[in-house]
Amino acid sequence: MLWDRFAASDPGLLRLTAGLRTVSAIAGTLVVLALLDTDVTHMVAGAMTAMTATFAIKDTLVRDQAITLALGLPVALAATSLAALLASQVIVGDAFFVALIFAAVYCRRFGDRGTALGLIGFQIYFLSLFVGASTSSLPALCLALAIGFGCSAVARFAVVPETPRRVLNRLRDAFRTRVAQLVSMQIELLDAGPEELERVLDDMRRRTARLHEAALMIQGRLEEGTEDADKAALLQRRVADAEIATERLGMLLLNARSAERADTLTLHLPHAPVPLTGDWRPAEDDATMALRRDLKALHLLVSRTASNDGGIAVAHIRNRLLGYRDEERLPSAPAGIQDAFRGIGEAARSVLGLRLALDGPQDESDDSPATTRSREEFDAEDIALASSEESGESDRKGLQRPTTRAAFQVSVGSVLAIVGGELLSTQRWYWAVLTCWVVFLNTASTGEILVKGYRRLLGTLLGAVAGVALAGLVGDHTWVAFALVLVFIFAMFFTAPLSYAVMSFFVTAMLGLLYTLLNSYSFDVLVLRIEETAIGAACGIIAAVLVLPVHTDRRTDELLGTVLDRLGDVASASVEQLSGGPASDLLSKARGLDTALDELRDSTGPLTYPITPLRGRRQTVRYLVALLETCAYHARALAATAELVPHSKTVAADPRLHRAGQRIAHNIEVLAAHVGDEGAAGKVRAGASIASTLRGDGSVAPPSGTVTFRVLRHLQRLDEGVVGLARPLDAPVAEGTGAKAVGG
């Protein structure tokens, strides 16, 4: 369905609801102020206040949102009053503005509420400068602000209400849809010819990343969106199972269509080589036709919810697919094709678990023995699954704290922006300060600030051209201009997470319309807006480089060290549990690894930006991140399997795995030490395969009923991936060994 695709593109409908809520708040404010016969200037002030009061608040719980909104009103009234009182005191006013900026950024250390109140204080002070607040207009301006806050509350709690549970439900639906989309692309992979392969693999990578994104978003909403910790842990487990099983199925299908075992890196690195068979499209034998049929059946199973599952027909499909978990039910086919059928069986099991977690108990009258066994496994896991919380990391002190450092940087940049902005215009210098403020939001290194400043300038240039055209078309039609402002504000919020340059375009086009409403529009004003933006971005970059700088290399090295530490934690704890050791909360550790990896990926954005002059370095960084994503994939699979061991009736622990994991743990420790200190002792060890180390005691290959059979491939690929990291990290490798490629 079209709506399902849209919901999947906007998980939780977060962008849609943010845009609708903001537009509703502004529209309500304009209606109330129009009924009170307010002039256009104060209508603009009220509308912008409603926008600020709506987007600034990020608290998850409804009660916390209400408290922050209530506290925001006196902060806004104080900010606009001080702006009006200091309007004629240039030096004192500028000094207070800088102090306000420092406080607003420093307040971020106090969480969502501190961030929101600081943002409200800054934005309302800026708004007061924009509309030319004075002591004579202060009563009417304060009334407009109060109405804006009131309409924001109505929009948030009545018109477009949002609760953590509702958001989580939408995220779960989006996750289910994204699983179905990935399975659909895997069906295309089965039949793709050589000329279509790269496109299909690109789509698979993109949809795999989107599925991972949805899983992490669910993880971030579990605590507030579920009734208790046990239910949150259960849903976390089921989502992780579905993500891992679906991603692994894609790898197995790629192996089935390859001349030799494909590289797992292919799923994470664009243009990675694929060892194709002579004819990529498989022969139309019985096994291949059954594989295609069952992939379509899996897609149907994922797409249907409990309320529209079609009854007996879907139950029969589920039973057939779950049957592939039994070796005797596999069709006669080459080993790669049989592995793909096993992957379908495990994916069907994960879909069943996801249904049980999302939709509750279901009719069991049509269950086959394989389905009954899967349900029993889930019941055993549910009983044994215990929730736990990760301990928070100690906060840094003084200037090492990111919020304190950023506060000093923004303050210095703002002083420079005030000076430079006033040299251009004594009336609209504050645009330079706004740009300097904005480029520091959600950035943590000089490279990120540089890229963000460039994007804002680009969006402003294009928006100024649009503003010129629209202002000429709108003319004196006030309500037409307000209607377009609402459209642009919605577009601004809807596109903000996707493209900062596009968002800046809509912001600048909207400002052109606001200038038209205030009868201060001219081509010179929009040119000045571009000039002030350039000055503000330059001042922000100068401050980021000269004042307590955090260079991109240092930032990425810190995050890389965190990723390696968490990768080591997940791998070691998983192997320990797979060997028969005590149970631990492996999935929380795995999600901690995923979160750290996402932060690293974001921090490398400036290094992989298309206009970067360091082309070779860009390729190295991309390869490094892709290798880490591959290692994280195998670590997640190990963690998910390890959590089955304590309560599974069919998968037994294998003490030999403890020995197999020692080399992986050693190599991760060496890499982490090398990242932290290039002169650190220790070398990466590579050599015989994990399977050969297990056979060192003369034992035979592991039977299918042991955990070793299930995880051996993941252990081998994780080992190869960790050794492969030595090359891009320039870490020493022990003599007589070499970094190996990552396999499938």
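Structure notes:
- Number of positions in segment 452-488 that are within 18 Å of Thr41 (Cα to Cα) and part of a helix (DSSP H, G or I): 11
- All of Thr443, Thr435 fail the test of being polar (S, T, N, Q), crowded, with 21+ Cβ neighbours inside 10 Å and at pLDDT below 80, apart from Thr443.
- Residues satisfying the stated conditions in segment 411-432, i.e. open to solvent by less than 30 Å² (accessible area, probe 1.4 Å) and in a helix (DSSP H, G or I): Ser411, Gly413, Ser414, Ala417, Ile418, Gly420, Gly421, Tyr430, Trp431, Ala432
- Yes/no for Pro582 being farther than 30 Å from Arg455 by Cβ and either open to solvent by less than 30 Å² (accessible area, probe 1.4 Å) or modelled with pLDDT under 90 (or both): yes
- Of all residues making up segment 503-536, the number that are within 11 Å of Gly421 (Cα to Cα), more than 32 Å from the chain's Cα centre (by Cα) and surrounded by fewer than 21 Cβ atoms within 10 Å (Cβ to Cβ): 2
- Qualifying residue in segment 211-227 (condition: open to solvent by 10 Å² or more (accessible area, probe 1.4 Å) and farther than 22 Å from Thr17 by Cβ): yes
- Residue match in segment 595-612 (condition: part of a loop (DSSP other than H, G, I, E, B), at negative phi, open to solvent by less than 60 Å² (accessible area, probe 1.4 Å) and among the acidic types (Asp, Glu)): no
- Qualifying residue in segment 119-136 (condition: assigned to a helix (DSSP H, G or I), open to solvent by 30 Å² or more (accessible area, probe 1.4 Å) and touching a Cys at 6+ places or on another chain (Cβ under 7 Å)): no
- Selection count where residues are open to solvent by 10 Å² or more (accessible area, probe 1.4 Å), in a helix (DSSP H, G or I) and either basic (Lys, Arg) or farther than 17 Å from Ser128 by Cα (or both), scope segment 23-53: 8
The rows are residues; the columns are (1) open to solvent by less than 60 Å² (accessible area, probe 1.4 Å); (2) more than 24 Å from Ala18 (Cα to Cα).
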{"residue": "Leu461", "(1), (2)": "no, yes"}
{"residue": "Ala464", "(1), (2)": "yes, yes"}
{"residue": "Leu470", "(1), (2)": "yes, yes"}
{"residue": "Val480", "(1), (2)": "no, no"}
{"residue": "Val485", "(1), (2)": "yes, no"}
{"residue": "Leu498", "(1), (2)": "no, no"}
{"residue": "Ala501", "(1), (2)": "yes, no"}
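The values are calculated or read from the model by the stated rules, or taken from the named source; none is laboratory data. What you see is a predicted model, and the numbers here were worked out from it, not measured in a lab. Counting neighbours? That spans all protein chains shown, and the Cβs are built from the backbone with ideal geometry, glycine included. Remember, those area values only see protein heavy atoms, side chains included, never the ligands or the DNA or RNA. Shrake-Rupley method; radii C 1.70, N 1.55, O 1.52, S 1.80 Å.
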